[in-house]
Amino acid sequence: MELKDRVYILKSKTTPLSFTLQSKHSNRSPLLYFDGKVNREMRYARNQRSIFVDEQDQHALLSHIVFENGVLRVPKTDTVLNEFLVKHPKFGKVFIELNHEADAEKDLERLDAEVDALIAAKGLSIEKAESIVRIGLGANTKRMSSAEIRRDVLMFARQSPVQFLEMLDDPDLQLDDDASQFIDAGLISIRRNGDIYFNTEGNKKKIASTPYGEDPVDVLSSWLMTDEGQEAHKMLKDLL
């Protein structure tokens, strides 16, 4: 464990003025750590070199562990308390370590993704941007101007950069967009029970049923990749 000053905070958004963390094992409230072989009783005592009861002597001086206003600062010299906190069963659930370096790295990754997404969004053709807005945002682009489409695709890239970039790399994006357009244009109909039907002048044939919990657009998109679906795809594109 790296020797450094550490800050621990409670995860709850509403933190009490004072919160006392359980610091010793009892039958009613177990405090155990599994070392890979057995569960070992834990206890924090400020005059001991170990956090485990089986390695402490009979002169252990128990200490309270108190978070003030949701924060607990532990100096690097208190190695026992730092080890106790990291191995505590509530670590990661009730409280976490505040790590500015890790947070900064996450922020940097997020900003890098945002920059990449915005650059990619700005270079999209209007047709591709329209597909992203239609599929990613579920918007009806028929009544949108090109300026509105470009604005929305840039906002989408800024707010959800990772999802946006994943959509750009998705080879099935155009197929999903076509399926959505076929439905919007009324060439394909979706019944209340999720069944998918042709809805052209000379064809009202059933295409597929939508399994519970799935999206009819995804089901139609998958069907369009079949041999039968590929033939229908060309016909529907012509009608569109």
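Starting from residues that are over 15 Å from Q230 (Cα atoms) and in contact with a strand residue (DSSP E or B) (Cβ under 8 Å, 6 or more places away or on another chain), keep the ones in the range 162-187 and report whichever is surrounded by the fewest Cβ atoms within 10 Å (Cβ to Cβ).
Result: I183.
Name the one entry in A129, A147 that is in contact with a Lys or Arg (Cβ under 7 Å, 6 or more places away or on another chain) and among the aliphatic types (A, V, I, L, M).
A129 is the lone residue from the list that is in contact with a Lys or Arg (Cβ under 7 Å, 6 or more places away or on another chain) and among the aliphatic types (A, V, I, L, M).
Run I119 past the list (1) assigned to a strand (DSSP E or B); (2) assigned by TED's automatic domain parsing to the domain that holds A157 and report the number of the one that doesn't hold.
Unmet for I119, out of (1) assigned to a strand (DSSP E or B); (2) assigned by TED's automatic domain parsing to the domain that holds A157: (1).
From the list G123, G186, pick out the single residue that is on the phi > 0 side of the Ramachandran plot and either of a type in the set (A, V, I, L, M, F, W, C) or free of Cβ contacts under 8 Å to residues at least 24 places away in the same chain (or both).
G186
When the range 189-206 is examined, which residues are found to be touching a residue at least 24 places away in the same chain (Cβ under 8 Å) and among the aromatic types (F, W, Y)?
Across the range 189-206, the qualifying residue is only F198.
Taking the criterion of being touching a Ser or Thr at 6+ places or on another chain (Cβ under 8 Å) and within 27 Å of L17 (Cα to Cα), would at least one residue in the range 47-60 satisfy it?
No: the range 47-60 contains no residue that is touching a Ser or Thr at 6+ places or on another chain (Cβ under 8 Å) and within 27 Å of L17 (Cα to Cα).
Having 1 or more residues that are touching a residue at least 24 places away in the same chain (Cβ under 8 Å) and not β-branched (V, I, T) is the bar; report the strands (runs of 3 or more DSSP E) wholly within the range 1-99 that clear it.
6-10, 18-21, 32-34, 65-68, 71-74, 95-98
Among the residues of the range 193-202, is any loosely packed, with under 11 Cβ neighbours inside 10 Å and either assigned to a helix (DSSP H, G or I) or assigned by TED's automatic domain parsing to the domain that holds I132 (or both)?
Within the range 193-202, none of the residues are loosely packed, with under 11 Cβ neighbours inside 10 Å and either assigned to a helix (DSSP H, G or I) or assigned by TED's automatic domain parsing to the domain that holds I132 (or both).
Only one of (1) small (G, A, S); (2) at pLDDT 85 or above; (3) not in a helix (DSSP H, G or I) fails for A139. Which number is that?
With respect to (1) small (G, A, S); (2) at pLDDT 85 or above; (3) not in a helix (DSSP H, G or I), A139 is out only on (2).
The values are calculated or read from the model by the stated rules, or taken from the named source; none is laboratory data. Since the structure is predicted, the reported quantities are computational estimates derived from the model, not experimental observations. We place every Cβ from the backbone using ideal geometry, glycine too, and count neighbours over all the protein chains shown.
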